[in-house]
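Encoded as structure tokens, the structure appears first; notes follow it.
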Amino acid sequence: MAVFEYAPAPESLRPAIRERYGLFIDGKWASPAGEGHFDTINPANEARLAEIAYATPTDVDRAVRAARKAYEKYWRRLKPADRAKYIYRIARAITERGRELAVLETIDGGKPIKESRDFDIPMAAAHFFYYAGWADKLEYVLRAGREPSPLGVCAQIVPWNFPLLMAAWKIAPALACGNTVVLKPAETTPLTALALAQIIEECELPPGVVNVVTGDGATGSALVEHEDVDKIAFTGSTEVGKSIARRLAGTDKRLTLELGGKAAHIVFADAPMDQAIEGVVNGIYFNQGHVCCAGSRLLVEERVHDEIVVRLTERLQTLRLGDPLDKNTDIGAINSRAQLEKIQELVKSGVEQGATLVQQRGDLPARGFFFPASFFTNVHPSHRIAREEIFGPVLSILTFRTPDEAVDKANNTPYGLSAGIWTDKGSKNMWIAQQLRAGVVWCNTFNQFDPGSPFGGYRESGFGREGGVHGLYEYLAH
Ligand code: NAP
Ligand code: MG
């Protein structure tokens, strides 16, 4: 198939980035107690972007105290309609600064600009708009007659794959319910969380209502262990999620966990095949596969296996890998060297265990962290690539013969976050969806998100829901 060369179309905006960022505590920018800083880099070229403050347990303590004071003094006492006005202001400011935020997200984390511009940032704004509308209607969230009351100080820890969006998923419902927040962004992607802190400053939220502490896992750990935190909302790996659950056992802190996944994406022979192929591509290659709900285990009906492999092989060659700031780029940079090495190690295990690797052709950029769009055929359900989350642009293809076998294989995982089904038969779609043990099931589509729709997992994918009315339960006492 002919592949046309595109002229480069780089995004030209270069947002102002400070040389060095402090911590955002009690409405002010503060130096960390330990004077320590670390660099955040652009994973597409390994250039240093800024120096970021490293928060010690002393800083975490200051942030939690500021959040407690703001909670008692202003936020819980504020009229709900007035809380809504602040949240609405944040939503407006994110929209107004959308282009700048999209570039920041892309240079700090490596995702293609078309994704940060068209998905991450508008969706982050949409969550603030949505929850602003709920702030004065909370009595409709709980059972009739129950008075909605906030939990207090919420510690919120987010990963690097959707930095601003994950912060929005957490902060917007927490504020709407009257809680105050200490947010800990991931070490490799702090810039949009810090830009959000600037926005919150400009929106004149009372000091301490939202605090941002940057650092690494130890900073997150200090936040989890702080005795004056009422709730922990964590998104990240299952391993760290489990360690947090163990540490909180026996305390009265509330916890929600949004963890990893290994979603089944099921394609029946009667599926609308053009759409299904695009759904599969979107399901695994969106955001370089750094997606907790990525459709990373493709289950195809045996008699269309060969056709699907041929079509996917062709489609891989049309994906454009390279500069994330180029508006034509489909596959950007892998978020960090550590993540690249993890992907390489798992792909090597796939080859060693006997699966067949198919990859997009072409040279990778000389600098930065890149991995070609890839898939495996001849995958056995016991292979590591069929069981472990790769969190990269790598799909494992398995087959099934009957709908029952599809369900059995789909549920043969310790995870339960998402799943996808492609079939022309509506009744088959519904019958399968009801049997899949996953928090979200997409039928004849994939990766659909809306602030009004709850998202979350069960089993090793965690518990609790974010988004929709369900997302509000997690921030109210009941
Ligand atoms: P991770 O290592 O668990 O890190 C997530 C966050 O926790 C980061 O901010 C991290 O800080 C912090 N952290 C690390 N160790 C900690 C500890 N001991 N105590 C408290 N906080 C700690 O996860 P990741 O590898 O960055 O992120 C990818 C994972 O997130 C994948 O498994 C993915 O499936 C999952 N994820 C789930 C969802 C969902 O909604 N279910 C959404 C997105 C991602 P540093 O990064 O600074 O070390
Ligand atoms: Mg970075």
Next item on the list: Please provide three numbers in whole Å: the alpha-carbon extents of region 264-443 along the principal axes, with the largest listed first.
Entry: 49, 31, 29
Note to self: Just to be sure I understand the model, the point goes 7 Å from the Cα along the line to the Cβ. What's the resulting residue 367 to residue 469 distance in nm?
What the structure shows: 5.3
Next item on the list: Taking a cut-off of 20 Å between Cα atoms, list the aspartates and glutamates near residue 409, but don't count ones fewer than 8 places away on the same chain.
Entry: 270, 301, 302, 306, 388, 389, 460
Margin query: Kirkwood Rh over alpha-carbon pairs of region 67-141, then Stokes-Einstein at 20 °C and 1.002 mPa s: what D in µm² s⁻¹, rounded to an integer?
Written below: 156
Checklist line | Tail beyond 38 Å, pair distance distribution of the chain (Cα, percent) | finding: 24
Checklist line | Distant-in-sequence amide H partners of residue 378 (H built 1.01 Å from N, under 5 Å) | finding: 356
Note to self: On a 22 Å Cα-Cα criterion, which of the cross-link pairs 79/184; 170/253; 111/184; 184/253 come out too long?
What the structure shows: 79/184
Next item on the list: Amide H neighbours of residue 399 under 5 Å, at least 5 residues apart or on other chains, H built in the peptide plane: list them.
Entry: 300
Note to self: Just the number please: accessible area per residue for region 261-401, 1.4 Å probe, all protein chains included, in Å².
What the structure shows: 37
Notebook entry, point to check: Just how many % of Cα pairs in region 255-308 lie over 18 Å apart, if you round to the nearest whole percent?
Noted result: 36
Next item on the list: Just the number, please: Stokes-Einstein D of region 334-390 in µm²/s, Kirkwood Rh from C-alpha pairs, 10 °C, 1.306 mPa s.
Entry: 131
Next item on the list: On the protein heavy atoms, probe 1.4 angstrom, tell me the percent of accessible surface of the chain carried by carbon and sulfur.
Entry: 50
Checklist line | Projected label distance in nm at residue 149 and residue 273, using a 7 Å step from Cα toward the beta-carbon | finding: 6.2
Check: Residues with amide H under 5 Å of residue 269's amide H, sequence separation 5 or more or different chain, H placed in the peptide plane at 1.01 Å from N; which?
Finding: 301
Check: Which whole number in µm²/s is D for region 30-180 by Stokes-Einstein, with the Kirkwood Rh taken over Cα pairs at 37 °C and 0.692 mPa s?
Finding: 191
Next item on the list: Could you rank the peptides 211-220, 369-378, 20-29 by their average count of other C-beta atoms within 10 Å per residue, with the highest value first?
Entry: 211-220, 369-378, 20-29
Checklist line | Kirkwood Rh and Cα Rg combined as Rg over Rh, evaluated for region 351-448 | finding: 1.02
Margin query: Taking the alpha-carbon distance from residue 85 and a cut-off under 16 Å, which lysines remain once sequence neighbours fewer than 8 residues away in the same chain are dropped?
Written below: 137
Checklist line | Cleavage-rule hits (trypsin sites (Lys or Arg not before Pro)) in region 85-189: DSSP loop, at most 13 neighbouring Cβ within 10 angstrom | finding: 143, 146
Check: What do the square roots of 5 times the Cα gyration tensor eigenvalues come to for region 409-452, in whole Å, largest first, as semi-axes of the equivalent ellipsoid?
Finding: 16, 16, 8
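The values are calculated or read from the model by the stated rules, or taken from the named source; none is laboratory data. Model, not experiment: these values are computed from the prediction. Positions of Cβ are generated from backbone atoms using ideal geometry, with glycine treated the same way; all protein chains shown enter the neighbour counts. Calculation scope for accessible area: heavy atoms of the full protein, side chains included, ligands and nucleic acids excluded. Shrake-Rupley method; radii C 1.70, N 1.55, O 1.52, S 1.80 Å.
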